[in-house]
Amino acid sequence: MAVGTEGLADRGLVGNGRFLQPILALAISLLLGVLFILPTGENPLVVYGKWFVAGFSCRGPGSQCAILTALQYATPLLLSGLSAMMAFRVGLFSIGQFGQMIMGAGVATFLAGSLDWPPLVRGITAVFFGMVAGGLWSAIPGFLRAYLNIHEVITTILLNPLAVAAVGPFSWRRIPPEMQLPPLIPTTKLTLSLFIALLAAGVIYFYLWRMGGGFSLRMSGQAQNVARYAGMHPRRAIVWGMALSGSLAGLAGALEVLGVHYRFVSNFSSLDQFDGIIVALMGQLHPLGITLSALLLGGLRLGTLTGLQLETAVPRELGSAIIALTMLFIAMPQLRQWVQQMRHKSL
């Protein structure tokens, strides 16, 4: 099926000005952020300048180039955003990306530190089974929703802390030096993970909009009865879509422990538990938009830690507040549309 401008309009990238929505939401949030800055006595323009310079500037090679660290931050954000998008595309609101990342990170840490195989084979195995672990963990709420009608918001919330309890005792080994992903640029932690995440975005786009299986997933999320009448299997598609969603989050967790932390962690410093949903909604539920929003959010997160925290009297929570406001403005029409689709699934 060819993809033209009309198809892109349906996906929220062009047409009707919808591609401007994230930009306008961010602009409004920055204006409202002035109200939080003024009581501190700081100049809002100076604060915002230091924030964005700290997140997106490049003053020199290596660690002095903030954009490289922003790309490192953007890598798990991109994969978790794609994970949330997959759930949205099958009609589910999954907030379990954090738990699925934990499963991927735990399994990858265990295998990378336990197997006595050649490093390349061991690394591929660790990443692959990290994806499998995240996929299986996500398939549980998918199955419960598809066959037992148990709401996925409840199950994904409950499975997040259970993931830590499930893999924590088995993931105490440190990643051996030969298994650690080397940095692409010295003094940074930007690794091959970035290109793996970009490849994943391209594969997901091709699958969802160029292959029959992806069309079945999207149709099952939009109109189950229509999909069933066309000979599709919506329940299977929902479980499969959630498994794919979890595998992307599991991939993010595996790459984080192999390339950034070198050990199992139960808290990823570059993102919060709900960042996957933020990135997915900011990206208009499209891989290209999610890629751009992940880069933006990665820079904002970095600027919050190094700019607001160290160079101004403004607390770093301001950055989180502005990001939350941006998500709120973006999410309102998206969530309204999603609720309407859920109401008309049977039509």
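The values are calculated or read from the model by the stated rules, or taken from the named source; none is laboratory data. The shown structure was predicted, so the numbers you read here are calculated from the model rather than taken from an experiment. Reconstructed Cβ throughout: ideal geometry from the backbone, glycine too, with neighbour counts over all protein chains shown.
Within the stretch 45-68, which residues are farther than 12 Å from Arg301 by Cα and crowded, with 18+ Cβ neighbours inside 10 Å?
Val47, Tyr48, Lys50, Cys65, Leu68
What's the total number of residues in the stretch 277-298 that are of a type in the set (Gly, Ala, Ser), closer than 26 Å to Cys65 by Cβ and modelled with pLDDT of 90 or more?
Total satisfying the criteria: 4.
What about Arg263, is it among the basic types (Lys, Arg), in a loop (DSSP other than H, G, I, E, B) and in contact with a Lys or Arg (Cβ under 6 Å, 6 or more places away or on another chain)?
For Arg263, the condition - among the basic types (Lys, Arg), in a loop (DSSP other than H, G, I, E, B) and in contact with a Lys or Arg (Cβ under 6 Å, 6 or more places away or on another chain) - is met.
Go through (1) in contact with a Pro (Cβ under 7 Å, 6 or more places away or on another chain); (2) more than 22 Å from Gly96 (Cβ to Cβ) and name the single condition Gly319 misses.
With respect to (1) in contact with a Pro (Cβ under 7 Å, 6 or more places away or on another chain); (2) more than 22 Å from Gly96 (Cβ to Cβ), Gly319 is out only on (1).
Taking Leu292 as the residue in question, decide whether it is surrounded by fewer than 24 Cβ atoms within 10 Å (Cβ to Cβ), among the hydrophobic types (A, V, I, L, M, F, W, C) and closer than 27 Å to Phe128 by Cβ.
no
Considering the stretch 163-194 alone, what residues qualify as being buried (at least 19 other Cβ atoms within 10 Å of the Cβ) and more than 25 Å from the chain's Cα centre (by Cα)?
none
Residues checked against (1) more than 19 Å from Pro22 (Cβ to Cβ); (2) polar (S, T, N, Q); (3) within 19 Å of the chain's Cα centre (by Cα):
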position: Phe206; (1), (2), (3): yes, no, yes
position: Gln222; (1), (2), (3): yes, yes, no
position: Trp240; (1), (2), (3): yes, no, yes
position: Leu244; (1), (2), (3): yes, no, yes
position: Leu288; (1), (2), (3): no, no, yes
position: Leu305; (1), (2), (3): yes, no, no
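Of these, Leu144, Leu148, Leu158, Leu184, which one is of a type outside the set (Val, Ile, Thr), farther than 26 Å from Met86 by Cβ and free of Cβ contacts under 8 Å to residues at least 60 places away in the same chain?
Only one candidate qualifies: Leu184.
Show the residue pairs that are 6+ apart or on different chains and have beta-carbon atoms under 7 Å apart, the first residue being within the stretch 191-203 and at negative phi and in a loop (DSSP other than H, G, I, E, B), the second being loosely packed, with under 13 Cβ neighbours inside 10 Å and not charged (D, E, K, R).
Going by the 7 Å Cβ cut-off, the qualifying pairs are Thr191/Pro182.
If you scan the stretch 123-143, which residues turn out to be among the aromatic types (Phe, Trp, Tyr) and within 22 Å of Leu181 (Cβ to Cβ)?
Phe128, Phe129
Just to be sure I understand, how many residues within the stretch 286-300 are farther than 16 Å from Ala25 by Cα and either touching a helix residue (DSSP H, G or I) at 6+ places or on another chain (Cβ under 7 Å) or part of a helix (DSSP H, G or I) (or both)?
Counting residues in the stretch 286-300 that are farther than 16 Å from Ala25 by Cα and either touching a helix residue (DSSP H, G or I) at 6+ places or on another chain (Cβ under 7 Å) or part of a helix (DSSP H, G or I) (or both) gives 6.
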